[in-house]
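The values are calculated or read from the model by the stated rules, or taken from the named source; none is laboratory data. Predicted model only: the values in this text are computed from it and were never measured. Virtual Cβ from ideal backbone geometry, glycine too; neighbours counted across all protein chains shown. Surface accessibility is based on the protein's heavy atoms, side chains included, excluding ligands, DNA and RNA. Shrake-Rupley method; radii C 1.70, N 1.55, O 1.52, S 1.80 Å.
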Amino acid sequence: MKTDKPDKAEAKGGAVADRRAARRVKETVIRGIAVSPGIAIGPVFDTTEPPAEAPRRSIAETAVDAEKQRLAAAVAASRKQVAKLKMRLGVLPEEAQEELEPLLDAYAMMLGDSRLIRGARKRIESGLLAAETAVADEADAIADVILAAKDDDKAGLRRRAGEVREIARRLTRNLTQNPFRSFKDVPEGAILVAEEVTPADAALLDPARIAGVATEEGGADGHTAIMLRALGIPAVLGVHGLTEAARRGDQMVLDGAAGTIALHPTAATLAWAKDQVGVYARERTKLAKLRRLPSITTDGEEVELLANMEIPAELPLIAQAGAQGIGLLRTEFLFMNREDLPDEDAQVAAYAPIVEAMAGDPITIRVLDWGGEKEMEALAAGVPSQTSANPALGLRGIRMLLKRPELLEAQFAAILRVAGRAPEGAVRVLLPMVTIPAEVKAAREVYDRVARRLRRRGEKLPEKLPELGAMIETPGAALAADAIALEADFFAIGTNDLAMYTLAVDRGDAEVAHLYDPLHPAVLRLMQFATEAALRLRMPVSVCGEMGGNPRLVPLLLGLGIRCLSMNASAIPRVKQAVRSLDIGDCARFARRVMEQSDPARIRELVDGFATGVTERG
Ligand code: PEP
Ligand code: MG
């Protein structure tokens with residue numbers, strides 16, 4: 001029986017750490033997914049550390065088996081995470097691989113039949129302790145033994161003990177799944193490093209404090225990416241090997257446009273980065289001059305440029321960008337980072353200042369799009385949890401709201417009350433994840449019923465109820481757009497989900513990010529079909545997915561007949577610049593050419609070629 005000797009794995013991990021400490025650090029550049037442009041220079045603040053120790057907890061004798069199962073599940077989850085980290089090592093520079101591989105092997109061994117796991121199991125049984133308490137106690141006991149060993153290399157012993165605690169922390173994290181993360185401790189000017197930042201986490205980030213964000217997980221058009229762009233925080237997601245390579249306090253340069261991070265940057269890299277900060281500032285000043293100019297093509301066609309909004313903190317940015325209104329107000333923010341549901345009055349209080357600030361400019365409020373990647377345990381209690389094996393295909397968006405009509409009723413009521421205080425027609429209502437016309441019809445029945453009830457109650461509502469539109473963001477909706485158009489008052493094409501569902505590629509998954517391509521002809525054909533269905537009926541149609549904020553794609557979208565784009569506010573000046581340099585006839589010819597293609601690479605080539613032409617002309 002093993003008693004006071006540290007496991008081989010524990011010793012091995014310590015030795016690796018010793019080597020790492022002994023070696024001089026060199027600049028390490030790791031490539032990820034470019035998500036939010038800008039340069040960040042600052043120290044790493046690693047949030048993968050658990051926020052706090054789990055409180056000590058005892059259990060009843062009858063709960064022992066269940067507790068051991070919890071531990072087993074946390075061990076399995078931790079092993080999976082370590083295996084995933086190991087799989088991703090290949091993309092790291094050789095030197096980093098050399099250091100990290102044995103360390104990860106040691107971690108994997110500690111998560112096998114090690115003293116830590118055996119001891120924790122025993123403590124659950126004999127001490128009647130909760131799994132996280134048992135893990136923490138056993139890790140402390142092992143660490144004490146290591147630290148008491150007769151060895152002159154005290155620093156080495158401390159590091160070895162630290163490795164055991166590191167694994168215990170990972171287990172605790174998986175056991176407690178601590179719901180809300182706090183970012184209050186992030187020092188000003190630091191770059192936040194984490195395995196994952198959820199959309200709810202992103203909603204808590206303060207762009208004035210945080211210089212940048214880098215994560216292991218995440219894709220270019222996931223909601224986290226969208227939030228980070230909206231907040232103007234330079235960010236690189238999907239950086240494989242990041243959390244193992246970066247240590248708290250390490251200096252980092254993050255290039256959100258190139259999608260790279262440099263750890264321990266050289267003096268030359270630092271000088272370049274500082275210079276780039278100046279370049280960005282000058283570019284912003286130049287673009288700000290476009291604010292008051294109309295969004296009009298060279299041949300006089302007006303193109304409406306609206307802002308997407310994810311959190312109220314964006315309001316000043318939206319005003320600065322010169323948005324003509326809000327084309328997509330995502331209301332998920334209201335339901336994030338809280339344990340109860342916002343009732344009708346709370347929602348009125350949230351929407352009213354936004355509508356007031358827009359001073360009569362149009363604003364499209366989308367009802368709650370819960371589910372898919374937006375469903376996180378850490379978000380709101382009270383919203384039905386997904387039990388589906390495929391949450392993106394489950395009870396998401398309007399499907400969930402029709403199943404829980406009281407949620408839809410409260411939200412409709414709040415929106416209608418706010419619309420009653422705004423100029424007629426200024427507010428519109430949008431339904432997410434529509435796939436069949438019957439969903440719009442059913443939602444409209446709820447809408448009309450709520451309006452009648454509010455009127456009976458004496459609430460002031462607009463004479464004519466706000467228009468009720470449908471997101472076109474699934475292939476089914478796009479192909480049935482002509483039928484949905486008969487029920488909906490307007491369309492908003494959500495290219496983020498449309499690309500995800502068409503290509504069967506999770507928009508937030510770094511592993512398949514290379515396959516996520518909104519320029520795939522299948523996506524473009526669906527967009528074309530839906531746009532034409534709307535235009536035939538003279539029904540308003542906009543693009544409010546991330547495609548709408550890409551200046552390079554403006555010629556194609558205008559060529560397809562789109563005249564309203566809604567985007568991240570910071571994208572508006574560049575998109576306006578593109579609009580002002582284009583001729584609609586050229587765009588239409590260009591779109592016809594693109595739509596004849598079947599190869600996504602060729603389409604990208606054409607788009608890039610045209611965009612370069614735009615730049616030359618501009
Ligand atoms: C979309 O899917 O393109 C969209 C705009 O909605 P969201 O990004 O909020 O899912
Ligand atoms: Mg969507």
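Can you tell me which residue among M433, M400 is part of a loop (DSSP other than H, G, I, E, B) and within 16 Å of ligand 2 (Cβ to nearest atom)? Unique residue meeting the criteria: M433.
With respect to R552, is the statement that it is farther than 29 Å from D361 by Cβ, modelled with pLDDT of 95 or more and open to solvent by 60 Å² or more (accessible area, probe 1.4 Å) true? The answer is no for R552. When the residues of the stretch 311-331 are filtered to those that are touching a residue at least 40 places away in the same chain (Cβ under 8 Å), open to solvent by 10 Å² or more (accessible area, probe 1.4 Å) and not small (G, A, S), the one that is nearest to P573 (Cα to Cα) is Q320. In this structure, is P518 within 16 Å of ligand 1 (Cβ to nearest atom), open to solvent by less than 30 Å² (accessible area, probe 1.4 Å) and under 30 Å from R604 (Cα atoms)? Yes: the conditions hold for P518. Taking the criterion of being closer than 15 Å to R229 by Cα and outside any loop (DSSP other than H, G, I, E, B), the residues of the stretch 532-550 that qualify are E546, M547, G548, G549. Listed by position, the helices (runs of 4 or more DSSP H) contained in the stretch 258-371 that have at least 1 residues being within 30 Å of L553 (Cβ to Cβ) and touching a Ser or Thr at 6+ places or on another chain (Cβ under 7 Å) are 315-321. Among the residues of the stretch 440-451, is there at least one that is aromatic (F, W, Y), within 16 Å of ligand 1 (Cβ to nearest atom), touching a residue at least 24 places away in the same chain (Cβ under 8 Å) and under 29 Å from Q347 (Cα atoms)? So far as the stretch 440-451 goes, no, none of its residues is aromatic (F, W, Y), within 16 Å of ligand 1 (Cβ to nearest atom), touching a residue at least 24 places away in the same chain (Cβ under 8 Å) and under 29 Å from Q347 (Cα atoms).
Return yes or no: is A419 away from ligand 2 (no atom under 16 Å from the Cβ) and in contact with a strand residue (DSSP E or B) (Cβ under 9 Å, 6 or more places away or on another chain)? Answer is yes for this residue. Every condition in (1) within 23 Å of R396 (Cα to Cα); (2) modelled with pLDDT under 95 holds for L526 except the one numbered (2). Could you look through the stretch 199-236, keep only residues that are of a type in the set (D, E, K, R) and within 15 Å of ligand 1 (Cβ to nearest atom), and pick out the one that is farthest from A262 (Cα to Cα)? Checking each candidate, the answer is D221. Residue-level check: of (1) aliphatic (A, V, I, L, M); (2) farther than 25 Å from R330 by Cα; (3) part of a helix (DSSP H, G or I), L524 misses just (2). Annotation note: of T260, T297, T269, the sole residue that is closer than 30 Å to H223 by Cβ and either in contact with a helix residue (DSSP H, G or I) (Cβ under 8 Å, 6 or more places away or on another chain) or surrounded by 14 or more Cβ atoms within 10 Å (Cβ to Cβ) (or both) is T260.
Considered as a group, the residues in the stretch 564-611 that are in contact with a Gly (Cβ under 6 Å, 6 or more places away or on another chain) and among the hydroxyl-bearing types (S, T, Y) include one that is least open to solvent (accessible area, probe 1.4 Å), and that residue is S566. Of all residue pairs spaced 6 or more apart or on separate chains, those with beta-carbon atoms under 8 Å, a first member in the stretch 537-548 that is of a type in the set (A, V, I, L, M) and more than 16 Å from ligand 2 (Cβ to nearest atom) and a second member that is open to solvent by 20 Å² or more (accessible area, probe 1.4 Å) and at pLDDT 95 or above are M539/D489.
Residues in the stretch 351-373 that are over 15 Å from F491 (Cα atoms) and under 23 Å from the mean Cα position of the chain (by Cα) were compared, and the one that is nearest to ligand 2 (Cβ to nearest atom) is D369.
Only one of the numbered conditions (1) surrounded by fewer than 23 Cβ atoms within 10 Å (Cβ to Cβ); (2) more than 16 Å from ligand 2 (Cβ to nearest atom); (3) part of a helix (DSSP H, G or I); (4) not basic (K, R) is violated by Q411, and that is (1). Looking at the stretch 112-152 only, could you name the residues that are among the aliphatic types (A, V, I, L, M), over 36 Å from the mean Cα position of the chain (by Cα) and not in a loop (DSSP other than H, G, I, E, B)? Hits for the stretch 112-152 are I124, L129, A141, I142, A143, V145, I146, L147, A148. Please verify whether the stretch 521-529 includes one or more residues that are of a type in the set (G, A, S), surrounded by fewer than 17 Cβ atoms within 10 Å (Cβ to Cβ) and within 16 Å of ligand 1 (Cβ to nearest atom). Within the stretch 521-529 (the criterion being of a type in the set (G, A, S), surrounded by fewer than 17 Cβ atoms within 10 Å (Cβ to Cβ) and within 16 Å of ligand 1 (Cβ to nearest atom)), the answer is yes, since at least one residue qualifies. With respect to the numbered conditions (1) open to solvent by less than 10 Å² (accessible area, probe 1.4 Å); (2) under 22 Å from H223 (Cβ atoms), which one is the sole condition not fulfilled by L558? For L558, the failing item is (2).
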